[in-house]
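The values are calculated or read from the model by the stated rules, or taken from the named source; none is laboratory data. For clarity, every value in this text was computed on a predicted model and none was experimentally measured. Don't worry about glycine lacking a Cβ; one is built from the backbone with ideal geometry, like all the others, and counts go over all protein chains shown.
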C-alpha cells in the first residue's frame, strides 16, 4: 500500500514536469531597477552667522531639517538630512556619522543682544523637483531669540512643508510648487501654477505670475494672488484677500 502511494506521487510530478516542457512555460524573475545613485558633486553646508545649505545643479534634494537647542535657546543646532552627499565646510558644521555622508550637524550661537527674529537658516535648493521640511524641537520655554528661516526652492516642481514655530520666508521660484507655511510664516510662489497653504495666525502668501491656488486656515492672514487667474480661499478668521492681473469671472 505504501509503495503504490509513493509511485503515484512520482507519476504526478512527472506529468506536471511534462506539461511545463510541452507548454514552453519559462519563468523569469524581472528586476525593476531603482533610481541610479547620485554621482555628482555634494551639496554644501557652512556657518556664516546663520546655517547656509546650498544644493548644486541637476541635484534632486529631499531635505529634512531638525532644530534643537540648549535650555536657553542660544546655542542652536540644525541637523540636515538629505538623499545626496553633503560636504560640511568650515567650523560649526560636522558629519555626525562617518558612515552617512548625507547628514550634517551645524551649530550657531545666538548673541544675547541679537535682533528678533534672528536669521538662523538659509536653504538654497536646486533646479530639480525638491522637497524640504523643518522640524522645530527647540523647547517652548527656551529664552533665546525667535529663529528666522529663509528658503529658496529653486526651479522645478517643489514641495515645502513648514512645521516649525519660528518665522519663515519661503520662495518657490520657477515651477509649479506646493508650499505650506505655519503661523508667522510667509510664502511667495514665484513663476508657475502654485498651491500655497497659509496655516495659523499671521501667515501670509503671495502667488506671483501663474494660476495659483491660495488657501488660508486658522487665524488672520493676508493672501495676494498677483498675476494670473488665481483662486483664494480665506477660511475662518479676519483675512485680507487681494487679486491682481487675473481674468474676473463673468457675472451670472
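Within segment 204-225, none of the residues are surrounded by 18 or more Cβ atoms within 10 Å (Cβ to Cβ), within 18 Å of the chain's Cα centre (by Cα), closer than 23 Å to residue 138 by Cβ and at pLDDT 85 or above.
All conditions but one from (1) in contact with a strand residue (DSSP E or B) (Cβ under 6 Å, 6 or more places away or on another chain); (2) at pLDDT below 90 apply to residue 183; the one that does not is (1).
When segment 51-78 is limited to residues that are in a strand (DSSP E or B) and crowded, with 20+ Cβ neighbours inside 10 Å, the one that is nearest to the chain's Cα centre (by Cα) turns out to be 63.
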